[in-house]
Amino acid sequence: MTMALYRLEGLRLARGTEFELTVDEMTVSSGETLCLAGPTGSGKTTLLRVLSGLQPIESGRVQFDGRIWCHGMASLAEIRTIALVPQRPILLSRSVRANLEYGLLLRRAASDERVDAMLTCLGLTKLAKQAANTLSGGQMQLVALGRALILAPRVLLLDEPTANLDPQCVALVEQVLNEYRRSRNTTLIWATHNLFQTRRVADRVALLLGGQIVEVASCEEFFDRPRDYRTADFVNGRMVY
């Protein structure tokens, strides 16, 4: 039986006078790819921040690998095993290579071979010496992804990682992430509004609407046999709230 890496129970996170995120119960299995689906503003990014262990929660609990995080905050050792790739990454004002090396240098790990391999893997070799702040949005996204992958995280949290990429690069990223997950048993939690992508990459899908999880199901059940009418509406392109 696959172990539950994350277990969320009774979680509530407020912004202002309204609750932005409510999760009665949710689990994430070790080594799976869970896609977070839903329209803009549904709470996908907020949930990723909670799962990163850096976002305090108002009530409820977040359990990670059997340990309950105090107020939703992870320990430093746990944070080092989790990598979050935001939709709008912030890169160092240095070269592409220096950005990929940075995390390894902080951990006093050998970097040359790993950096060369990651540059090749993501098609960034010709850009290695270029300043990161001169790259296109899509190229910056690839650098941010490489910077996370090179640290070999146990959990990779992805916020619309291919939103700014052309179709060829989208296919490359999906292939890289799939192979990476299979070779290292990495857990991927992937927020995307692209239903075609969701169907290609997900083991399970969680639909968020208005800060609440409407349904969590296997990819096949989510698209072909949804239990909630709102899931059926979302999958078929009808307006949902």
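List of remarks:
- For segment 122-229: rounded, prolate or oblate by the Cα gyration tensor [a/c cutoff 1.5]: prolate
- Electrostatic bookkeeping for L91 treats Lys and Arg as +1 and Asp and Glu as -1; over the other residues with beta carbon under 15 Å from its beta carbon, the sum is +4.
- Each of A4 and R230 was given a label point 7 Å from its Cα along the Cα-to-Cβ line. The distance between the two points is 2.2 nm.
- Here the relative contact order of segment 86-164, from alpha carbon pairs under 8 Å that lie six or more residues apart, stands at 45 percent.
- Residue list for segment 184-201, given a label point 7 angstrom along the Cα-to-Cβ vector of S30 and an amide N cut-off under 15 Å: 184-188
- Between helix 167-184 and the chain: long-axis angle, C-alpha atoms, 0 to 90°, nearest 10: 80
- In the chain, the longest principal axis of the Cα atoms and the axis of helix 112-121 are about 60 degrees apart.
- Local electrostatic count at E174 - Lys and Arg +1, Asp and Glu -1, tallied over other residues with Cβ under 12 Å: +2
- Measuring nothing but how far apart in sequence close Cα pairs (under 8 Å, 6+ apart) lie, relative to its length, segment 4-235 scores a relative contact order of 27 percent.
- Surrounding net charge for S111, when Lys and Arg each add one and Asp and Glu each subtract one, Cβ distance under 11 Å: 0
- Label-point gap, in nm, between R15 and S218 - each point 7 angstrom along Cα→Cβ: 3.5
- The angle between the Cα long axis of helix 137-149 and the main principal axis of the chain comes to about 90°, on a 0 to 90 degree scale.
- Segment 157-198-segment 25-82 distance, computed between alpha-carbon centres (Å): 19
All of the numbers you see were taken from the coordinates with simple rules; none came from a lab. The structure displayed is predicted, hence computed values, not measured ones. Glycine gets a Cβ as well: all are built from the backbone with ideal geometry, and neighbour counts include every protein chain shown.
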